[in-house]
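Take a look at the structure below.
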Amino acid sequence: MKNIVILISGTGSNMAAIVRAAEQQRWAERLDARVAAVISNRPDAKGLLTAREAGIATAAVDHKAFADRQAFDAALMAEVDRHAPSLVVLAGFMRILTPGFVAHYDGRLINIHPSLLPAFPGLHTHQRAIDMGCRVAGATVHQVTAELDHGAILAQAVVPVLPDDTADTLAARVLTQEHLIYPRAIGDLLSVL
């Protein structure tokens, strides 16, 4: 069985979309894959409850309990590895990972970013797109590398930037597309793993 471990920091809406897709598309039967665990760096992340309600193993590795990024990543890696992941999926995981963590999961670590990479890596993507006068925005599923938001692009979705958009309205429209393309990109990856 190909185990998927999902890392979250908050509500886990992308995680929930992936879990729904796994069930609806019968990944266990068709792809020999399952969401094995959901792990958060925030013990109070609402997405952990969503995962538990779906019968998925959960854990929290609180980044605030560690002296530095390397110590946190080592503890996180140990927790992820307990589930023997074929794929590690960042779904709103709001921590920059160390090069050692990224290298440990080389080729098995993916993320979704709320912009059309390579445009607008990092934070505040929607406001930056509006401020630059972009006519379109979107989301990108990509391989994770040591360089922030620069891995190979696996999938993208485009939405228009409307004249009256705010960062919040644009973010909401992009998020609906994230919920579609992320499970699809994961399914495509699982079919070749």
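Report yes if GLY138 is farther than 30 Å from GLY100 by Cβ and either in contact (Cβ under 8 Å) with a residue 40 or more places away in the chain or not aliphatic (A, V, I, L, M) (or both), otherwise no. Give the steps one after another, and end with the answer.
Working: farther than 30 Å from GLY100 by Cβ: yes; either in contact (Cβ under 8 Å) with a residue 40 or more places away in the chain or not aliphatic (A, V, I, L, M) (or both): yes.
It is true that GLY138 is farther than 30 Å from GLY100 by Cβ and either in contact (Cβ under 8 Å) with a residue 40 or more places away in the chain or not aliphatic (A, V, I, L, M) (or both).
List, please: which pairs have Cβ atoms under 6 Å, are six or more places apart or on different chains, and start with a residue in segment 18-45 that is free of Cβ contacts under 8 Å to residues at least 60 places away in the same chain and on the phi > 0 side of the Ramachandran plot and end with one that is among the small types (Gly, Ala, Ser) and part of a helix (DSSP H, G or I)?
none
Restricting to segment 65-102, count the residues that are surrounded by fewer than 16 Cβ atoms within 10 Å (Cβ to Cβ) and among the polar types (S, T, N, Q).
Residues that pass the stated criteria total 1.
I'd like to verify a number: residues in segment 150-163 that are touching a strand residue (DSSP E or B) at 6+ places or on another chain (Cβ under 7 Å) and either part of a loop (DSSP other than H, G, I, E, B) or crowded, with 17+ Cβ neighbours inside 10 Å (or both), how many?
Just the residues of segment 150-163 that are touching a strand residue (DSSP E or B) at 6+ places or on another chain (Cβ under 7 Å), to begin with: 151-161.
Subset that is either part of a loop (DSSP other than H, G, I, E, B) or crowded, with 17+ Cβ neighbours inside 10 Å (or both): 151-152, 154-157, 159, 161.
Number satisfying all stated conditions: 8.
Of everything in segment 103-129, what is among the hydrophobic types (A, V, I, L, M, F, W, C) and crowded, with 18+ Cβ neighbours inside 10 Å? Give them in sequence order.
Narrowing segment 103-129 to residues among the hydrophobic types (A, V, I, L, M, F, W, C): 103, 109-110, 112, 116-117, 119-120, 123, 129.
Across segment 103-129, the qualifying residues are LEU109, ILE110, ILE112, LEU116, LEU117, PHE120, ALA129.
Where residues in segment 1-51 are farther than 21 Å from ALA171 by Cα and of a type in the set (S, T, N, Q), which of them is nearest to the chain's Cα centre (by Cα)?
Ranking the candidates gives SER40 first.
Can you confirm whether segment 164-185 contains a residue that is under 28 Å from GLN24 (Cα atoms) and part of a strand (DSSP E or B)?
Among the residues of segment 164-185, not one is under 28 Å from GLN24 (Cα atoms) and part of a strand (DSSP E or B), which makes the answer no.
It is to be established whether one or more residues within segment 128-149 are β-branched (Val, Ile, Thr), over 26 Å from ALA21 (Cβ atoms) and either more than 15 Å from the chain's Cα centre (by Cα) or not in a helix (DSSP H, G or I) (or both). Steps first, please.
Quick first cut of segment 128-149, residues β-branched (Val, Ile, Thr) only: 130, 136, 140-141, 144-145.
Imposing the further condition that a residue be over 26 Å from ALA21 (Cβ atoms) reduces the set to 130.
The next check asks that each one be either more than 15 Å from the chain's Cα centre (by Cα) or not in a helix (DSSP H, G or I) (or both); those that pass are 130.
Within segment 128-149 (the criterion being β-branched (Val, Ile, Thr), over 26 Å from ALA21 (Cβ atoms) and either more than 15 Å from the chain's Cα centre (by Cα) or not in a helix (DSSP H, G or I) (or both)), the answer is yes, since at least one residue qualifies.
Pick out, from segment 1-117, the helices (runs of 4 or more DSSP H) lying fully within it that include 3 or more residues that are basic (Lys, Arg) and in contact with an Asp or Glu (Cβ under 9 Å, 6 or more places away or on another chain).
Details: elements: 13-24, 27-30, 46-53, 69-81, 99-104.
Filter on segment 1-117 gives an empty set.
Where a number appears in this text, it was derived from the coordinates with a stated rule and is not lab data. These numbers were taken from a predicted model, which means no experiment stands behind them. Counting neighbours? That spans all protein chains shown, and the Cβs are built from the backbone with ideal geometry, glycine included.
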